[in-house]
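Step one of this worksheet: look at the structure below.
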Amino acid sequence: MDRETQAVVLADAQRLSYDYLVLATGARHAYFGREEWEGLAPGLKQIDDATRIRRRLLVAFEEAENAADPRVQQQWLTFVIVGGGPTGVELAGAIAELARHGMEREFRNIDPAAARVVLVQSGPRILPTFPEPLSVFAEQTLKKLGVEIFTNNRVQDVDDTGVIVSGRRLEAHTVFWAAGVMASPVAQWLDAEADSAGRLKVAPDLTAPGFPNVYAIGDTALSQGWNGEAVPGLAPAAKQGGAYVAGISEPGSKGARSQDPSFTPISVASPPSGARPPWPISAGCGSRAPWPGGCGERCISCSWSGREADCRWPCSGSGLTSPSSGAPG
């Protein structure tokens, strides 16, 4: 980046000038110094990653179908997911559902429902950045699907026939990685401060230090807008960051800042013990009032049912349902 001329220099030396620059270059998998594991335990961050994971899953069932040795067959039918965050939880649930409900009549020699799905988490609970009741609910849901959850366990080694978890070996030909991410080198480009995960430490308004017209959002940024703590690296928070930055300068405003001096994502209130959706959201999801009849103002409060949000706008005072694609999720 050329700060003096306000330009981005690409690898082929092409220069792109800017008035405002938004850095949303995301993150990649972090193997904590064991990069040799990447080929053995791929992660899920891009569409290409999803395609490779899908292929590995289908190949595993085919190999199990063709295996004559029961031990080898079980190795192919064992799937280990390392990391109990949102990605690992979703991946474990999706594999379990596929095995138990999506392949009933696909094979003659194996029962796909007999597949073993193991989720390994180094901490005391899965979804550690979520309120504890949500972690409990997610764990119960996964266990109903047949997922085995190993908390307070660390992966010590990975090879092509399995993993070693806290001294215990799990025989598995298919291992997926969801244990950590490393941000793209934005902080290095700007010669700015980053945290241990490589995220650029941004100001409350998401600007890069020393760059008043350069913003960083999503997995590449470290914002303290989550009640004074780091904003979670989740899609809803990244989308809200994008909406916030887009509102900094409205067309025709000549760069005027929005009325909000800092970015504050919504937070989902912890449900009481035993509660079920809908759960309240402590702040609005930020979606604008729909047309016709809308004033264009942003949602100030809403509740989330799991499928759609019931939003309230300053101009209406009454609930209007927004589609799930625009809801916080």
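The values are calculated or read from the model by the stated rules, or taken from the named source; none is laboratory data. The model shown is predicted, which means the values in this text are computed figures rather than measured ones. Please note: Cβ atoms are built from the backbone with ideal geometry, for glycine as well, and neighbour counts cover all protein chains shown.
Could you list, in sequence order, all residues of the stretch 1-34 that are exposed (fewer than 10 other Cβ atoms within 10 Å of the Cβ) and under 29 Å from Ile47 (Cα atoms)?
Leu10, Ala11, Asp12, Ala13, Gln14, Gly33
What tally of residues in the stretch 136-176 results from selecting those that are among the acidic types (Asp, Glu) and either touching a residue at least 60 places away in the same chain (Cβ under 8 Å) or within 19 Å of Ala114 (Cβ to Cβ) (or both)?
Within the stretch 136-176, the first condition is being among the acidic types (Asp, Glu), and the residues that meet it are 139, 148, 157, 159-160, 171.
Keeping just the survivors that are either touching a residue at least 60 places away in the same chain (Cβ under 8 Å) or within 19 Å of Ala114 (Cβ to Cβ) (or both) gives 148, 159-160, 171.
Selection size over the stretch 136-176: 4.
If you go through the stretch 59-72 one residue at a time, do you hit one that is aliphatic (A, V, I, L, M) and under 17 Å from the mean Cα position of the chain (by Cα)?
Of the stretch 59-72, the ones aliphatic (A, V, I, L, M) are 59-60, 64, 67-68, 72.
From what's left, under 17 Å from the mean Cα position of the chain (by Cα): none.
The answer is no; no qualifying residue exists.
Any residue at all in the stretch 89-99 that is of a type outside the set (D, E, K, R), surrounded by 18 or more Cβ atoms within 10 Å (Cβ to Cβ) and in contact (Cβ under 8 Å) with a residue 60 or more places away in the chain?
yes
Can you find, within the stretch 81-93, the residue that is farthest from Arg54 (Cα to Cα) among those that are of a type in the set (A, V, I, L, M, F, W, C) and part of a helix (DSSP H, G or I)? Spell out the reasoning first.
Initial filter on the stretch 81-93 (of a type in the set (A, V, I, L, M, F, W, C)): 81-82, 89, 91-92.
With part of a helix (DSSP H, G or I) added as a condition, the list becomes 89, 91-92.
Details: Val89: 16, Leu91: 11, Ala92: 13 Å.
This residue is Val89.
Would you mind telling me which numbered condition in (1) crowded, with 17+ Cβ neighbours inside 10 Å; (2) closer than 30 Å to Ser262 by Cα; (3) out of contact with any His (no Cβ under 9 Å at 6 or more places or on another chain); (4) not small (Gly, Ala, Ser) Phe176 fails?
Result: Phe176 passes all but (2).
The rows are residues; the columns are (1) within 19 Å of Met103 (Cβ to Cβ); (2) in a strand (DSSP E or B); (3) modelled with pLDDT under 95.
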position	(1), (2), (3)
Glu36	no, no, yes
Gly39	no, no, yes
Lys45	no, no, yes
Ala50	yes, no, yes
Val59	yes, no, no
Glu62	yes, no, no
Glu65	yes, no, no
Gln74	yes, no, no
Phe79	yes, yes, no
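State whether one or more residues within the stretch 107-130 are of a type in the set (Val, Ile, Thr), modelled with pLDDT under 95 and part of a helix (DSSP H, G or I).
no
Being among the hydroxyl-bearing types (Ser, Thr, Tyr) and in contact (Cβ under 8 Å) with a residue 12 or more places away in the chain is the filter; apply it to the stretch 187-220 and report the residue that is farthest from Pro236 (Cα to Cα). Walk me through how you get there before you give the answer.
The first filter runs over the stretch 187-220 and keeps only residues among the hydroxyl-bearing types (Ser, Thr, Tyr), leaving 196, 207, 215, 220.
Those still in the list that are in contact (Cβ under 8 Å) with a residue 12 or more places away in the chain too: 215, 220.
Working: Tyr215: 18, Thr220: 15 Å.
Per the criteria, the residue is Tyr215.
Give me the residue from the stretch 131-153 that is more than 21 Å from the chain's Cα centre (by Cα) and in a loop (DSSP other than H, G, I, E, B) and, out of that set, surrounded by the most Cβ atoms within 10 Å (Cβ to Cβ). Spell out the reasoning first.
First, pick out the residues of the stretch 131-153 that are more than 21 Å from the chain's Cα centre (by Cα): 143-146, 148, 152-153.
Next, only the ones that are in a loop (DSSP other than H, G, I, E, B) stay: 145-146, 152-153.
Details: Leu145: 16, Gly146: 16, Asn152: 11, Asn153: 19.
Out of the qualifying residues, it is Asn153.
Let me confirm something: among Gly26, Gly39, which residue is over 19 Å from Thr220 (Cα atoms) and of a type outside the set (D, E, K, R)? Spell out the reasoning first.
Values: Gly26 fails: over 19 Å from Thr220 (Cα atoms).
From the options Gly26, Gly39, the qualifying one is Gly39.
Would you check which residues across the stretch 57-88 are surrounded by fewer than 16 Cβ atoms within 10 Å (Cβ to Cβ) and closer than 28 Å to Gln156 by Cα and list them?
Filtering the stretch 57-88 for residues surrounded by fewer than 16 Cβ atoms within 10 Å (Cβ to Cβ) gives 58-59, 62, 66, 68-71.
Correct list: Leu58, Val59, Asp69, Pro70, Arg71.
Assess whether Ala64 counts as being in contact (Cβ under 8 Å) with a residue 12 or more places away in the chain and not hydroxyl-bearing (Ser, Thr, Tyr).
On the way: in contact (Cβ under 8 Å) with a residue 12 or more places away in the chain: yes; not hydroxyl-bearing (Ser, Thr, Tyr): yes.
In short, yes.
Within the stretch 219-247, take every residue that is touching a helix residue (DSSP H, G or I) at 6+ places or on another chain (Cβ under 6 Å) and in a loop (DSSP other than H, G, I, E, B) and give me the one that is surrounded by the fewest Cβ atoms within 10 Å (Cβ to Cβ). Before you say what the answer is, go through the steps one by one.
Of the stretch 219-247, the ones touching a helix residue (DSSP H, G or I) at 6+ places or on another chain (Cβ under 6 Å) are 220, 231, 233, 238.
Checking the rest, the ones that are also in a loop (DSSP other than H, G, I, E, B) come to 231, 233.
Details: Val231: 25, Gly233: 22.
So, considering only residues that are touching a helix residue (DSSP H, G or I) at 6+ places or on another chain (Cβ under 6 Å) and in a loop (DSSP other than H, G, I, E, B), the one surrounded by the fewest Cβ atoms within 10 Å (Cβ to Cβ) is Gly233.
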